[in-house]
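First the structure, in the form of structure tokens, and then the observations on it.
The values are calculated or read from the model by the stated rules, or taken from the named source; none is laboratory data. These numbers come from a predicted model, not from an experiment. Counting neighbours? That spans all protein chains shown, and the Cβs are built from the backbone with ideal geometry, glycine included.
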Amino acid sequence: MAANSDATEQKPQEGFKDIYVLFIGVALAVVCFVLGFLSMSGSFNLQLRPGENQPSTMNSMLDWGVFAALAILGPYGIVSARRLGRINEIEKRLPDFLRDVAEAGRFGMTLPEAIIVASSGRYGPLTDEIKRMASQLEWGVPVSESLMLFRERINTPLTRRVVSIVIKANEAGGNVADVLTMVAHDAKEAQLAEEQRRINMSTYLAVIYIAFGVFLVTIYIMAATFLPEMITAGASVGQITASAGAGVPISIQIIPVIFLAFFVAVIVHAIGDGIMAGVIDSGKIQVGMMHATFMLLGGWVFMRYAVPILNP
């Protein structure tokens, strides 16, 4: 009963951890949105880069918007990516354990005896859980119940599928060793195929990051060369039109708008490209949220501290 209680409690705790982190991120994002609206209204100004005129309320509002997006994407994406990485490590070692159990079974051992013998091996993150299952078998827990508890504690897609097959084969009374060998082989082949897919997709992942970097460099070149020329040309035209009472040239007035357009484009590209990179890399949006966090943070730092200040 104690083992069953531990198994049923561990599963919701892992799922609750991700949701808990997400709720904290959403709460922080709400605070950032409130500060952003206050900044836009002029009630709360935060000048993150000295030298800007005013400081720009729109720039400050976008800064808080970026902080809100990072609060949602960053913690949840990183925690979920680490959990998925742990699942991959567990599933990577499961076929090795199944093969060792099958080899022990070929020497005439029963399934519980084979599991106890195989538990002396090293299987990475699986080692402790396998030893725990072996201890349950030594204390007389039925093998089907011990396997189900093992499945509940690990709770990964491959583990659930494999344990269900092993329990059915053991109850049917057939040659469990052959079944274990076949399941281990199929699981390993599936893992090799997934690894090959990730290797093939790594090229596209690199292309996404390179394209985002090229986009940032293009913005820098325009802000460092093209836009200053617009300011200079606008100032020259302004001297001519000032005497005629035409006011400030449109070419000067539009400079802050162009910078805001660049800023928004970087935010959209970072989030969209990051999520796409995660889906291409692992097929998981959670991993994409982690990539989006890195790209958004890098893009924000670049726009706020690398791109030249454009004060018309």
Hey, Arg86 within 20 Å of Glu194 (Cα to Cα), surrounded by fewer than 19 Cβ atoms within 10 Å (Cβ to Cβ) and modelled with pLDDT under 85 or not: yes
For Val207, the lone unmet condition from (1) without any contact (Cβ under 8 Å) to a residue 24 or more places away in the chain; (2) closer than 20 Å to Ile87 by Cα is (2)
Criterion (surrounded by fewer than 14 Cβ atoms within 10 Å (Cβ to Cβ), modelled with pLDDT under 85 and not β-branched (Val, Ile, Thr)) met by exactly one of Ser282, Ser236: Ser236
Okay, helices (runs of 4 or more DSSP H) sitting entirely in the stretch 124-221 with 2 or more residues that are more than 17 Å from Asp100 (Cβ to Cβ) and in contact with a Lys or Arg (Cβ under 8 Å, 6 or more places away or on another chain), I get 143-154, 157-172
Would you confirm, using the coordinates I've provided, whether Ile78 is surrounded by fewer than 19 Cβ atoms within 10 Å (Cβ to Cβ), hydrophobic (A, V, I, L, M, F, W, C), assigned to a helix (DSSP H, G or I) and at pLDDT 85 or above? yes
Subset of the stretch 103-121, residues surrounded by 15 or more Cβ atoms within 10 Å (Cβ to Cβ), of a type outside the set (A, V, I, L, M) and either in contact (Cβ under 8 Å) with a residue 40 or more places away in the chain or assigned to a helix (DSSP H, G or I) (or both), comes to Glu103, Gly105, Pro112, Glu113
Those residues of the stretch 243-273 which are in a helix (DSSP H, G or I) and at pLDDT below 55 amount to Ile250, Ser251
Can you tell me which residue in the stretch 144-165 is surrounded by the fewest Cβ atoms within 10 Å (Cβ to Cβ), limited to those that are closer than 22 Å to Ala104 by Cα and β-branched (Val, Ile, Thr)? Ile165
So, in the stretch 63-83, how many residues would count as being under 9 Å from the mean Cα position of the chain (by Cα) and in contact (Cβ under 8 Å) with a residue 60 or more places away in the chain? 8
Restricting the stretch 250-279 to residues that are small (Gly, Ala, Ser) and under 10 Å from the mean Cα position of the chain (by Cα), the one surrounded by the fewest Cβ atoms within 10 Å (Cβ to Cβ) turns out to be Gly278
Within the stretch 166-191, restricting attention to residues that are among the aliphatic types (A, V, I, L, M) and surrounded by fewer than 16 Cβ atoms within 10 Å (Cβ to Cβ), which residue is modelled with the lowest pLDDT? Ala172
